[in-house]
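To keep things clear, I will list the structure first and then write my remarks on it.
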Amino acid sequence: MKSHSTLVSVLLLHLWLFIGSIESTNAPTVDMANNGSRPVVLVTNKETPLKGIQKLQLKCDVIFPSTHPATREEILKLAGQVDGIMWVGHMALNGEVLDRGGSRLKAISTMSAGMDYVDVEEFKRRKFPLGYTPIVLNDAVADTAVGLMIAASRRFHEGRLAIDHSQWIGGPQWMLGRDIKGSTVGIIGFGGIGQTVARRLKGFEIGQLLYSGRRPKPEAEALGAKLVPQSELLQESDYVVLAVPLTKETYHMINETTLSLMKPTAVLVNVARGDLVDQLALVAALKNGTIFAAGLDVVTPEPLPADDELLKLPNAFVIPHLGSATVQTRDNMAEIAALNVLSGIAGAPMFSPYPY
């Protein structure tokens, strides 16, 4: 089994080779049923990294919505005027978009790994080319997860609040947190991101690594991870990290009942999707001491209103969905999404097709 770093390196090598083939004069011509003119691609967000836009512009004309953020109405209107779409953001991507795109629209790629906002079954039914951008964001999201573990367990937010309110008391028993060294960490969802979190934690000398999922992962043994039922993971873990896709089955998997299984000293970390967690139940658990703290990159809704109860809690460390937000990661995601669209328009296999 190849290591994660090897897989990412191989993926990036294939990316650069694929880019080279697109840029080559010998590459297949991207030619559509628009009388030989250059195809047109809609990029739904004006702030999409330039590297992805430049790849599209090698073979296509690129258009953007006139507004930012774009309205659904405008995106739907433009969908019928283009050959491909780079779908940047979490607006619902479904049959309505495909209907408005009509016969001219040939390919769509998201710029994300999570696909909970996509009606995948509709794409599958229509056999419509759909791309996405997994793997390249694993490192950035895993870094975020570890950062949230530290920030929540060491009471960073609460400490800053003390400073802001002139309550810096100090002393040997003041603002004590929890250690990661020697702890039991449970990861729910042991795919690419979950496994990358596990690799990051090797340097922290944790005591035990648990994971839960539908089936054993062949990579687990090398990572020293033990497959256990989710209930056991929740009961035994000092840190519970959510890295599982949002589906009908995982919706509100963390709720009043499952929170009650956790240790009162436990920290919950979510770098996946906000709706994995019943947020009202989490607020109650943080208030009444059912768990020690939470570190959250994702919440419900997004954006979260400034007056939301969650933001009033000293033991909730919340950041605004920054998991993949590094320059290199977003550049890579944009390039892969662009190559997916170019390939789909050309009638060739996508660089990173969604496996429906």
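Remarks
- Selection count, the stretch 106-118, where residues are touching a strand residue (DSSP E or B) at 6+ places or on another chain (Cβ under 7 Å) and hydrophobic (A, V, I, L, M, F, W, C): 4
- Hey, Leu286 crowded, with 18+ Cβ neighbours inside 10 Å and either within 22 Å of Gln195 (Cβ to Cβ) or at pLDDT 95 or above (or both) or not: yes
- Residues within the stretch 253-283 that are open to solvent by less than 10 Å² (accessible area, probe 1.4 Å) and either in a helix (DSSP H, G or I) or within 17 Å of Val146 (Cα to Cα) (or both), tallied: 9
- Screening Met333 on (1) assigned to a loop (DSSP other than H, G, I, E, B); (2) hydrophobic (A, V, I, L, M, F, W, C); (3) not assigned by the TED database to the domain that holds Ala225 shows it passes everything except condition (1).
- Which numbered condition Asp31 misses (of (1) open to solvent by 50 Å² or more (accessible area, probe 1.4 Å); (2) at pLDDT 95 or above; (3) acidic (Asp, Glu)): (2)
- Residue that is farthest from Met333 (Cα to Cα) [pool: residues in the stretch 49-90 that are open to solvent by 60 Å² or more (accessible area, probe 1.4 Å) and assigned to a loop (DSSP other than H, G, I, E, B)]: Gln81
- Subset tally (residues that are surrounded by 20 or more Cβ atoms within 10 Å (Cβ to Cβ) and within 21 Å of Leu42 (Cα to Cα)) for the stretch 116-141: 7
- Filtered residue count, the stretch 213-244, keeping only those that are over 24 Å from Ala284 (Cα atoms) and touching a residue at least 12 places away in the same chain (Cβ under 8 Å): 13
- Selection from the stretch 223-240 of residues that are out of contact with any helix residue (DSSP H, G or I) (no Cβ under 6 Å at 6 or more places or on another chain), under 13 Å from Ile291 (Cα atoms) and polar (S, T, N, Q): Ser237
- Against the test of being open to solvent by less than 60 Å² (accessible area, probe 1.4 Å), touching a Lys or Arg at 6+ places or on another chain (Cβ under 7 Å) and not in a loop (DSSP other than H, G, I, E, B), the options Gly344, Gly295 yield a single qualifying residue, Gly344.
- When Asp116, Asp99, Asp143 are checked against the criterion of being assigned to a loop (DSSP other than H, G, I, E, B), among the charged types (D, E, K, R) and at pLDDT 95 or above, Asp116 stands alone in meeting it.
The values are calculated or read from the model by the stated rules, or taken from the named source; none is laboratory data. As the structure is a prediction and not an experimental result, all values here were calculated from the model. Virtual Cβ from ideal backbone geometry, glycine too; neighbours counted across all protein chains shown. Heavy atoms of the whole protein, side chains included, go into the accessibility calculation; ligands, DNA and RNA do not. Shrake-Rupley method; radii C 1.70, N 1.55, O 1.52, S 1.80 Å.
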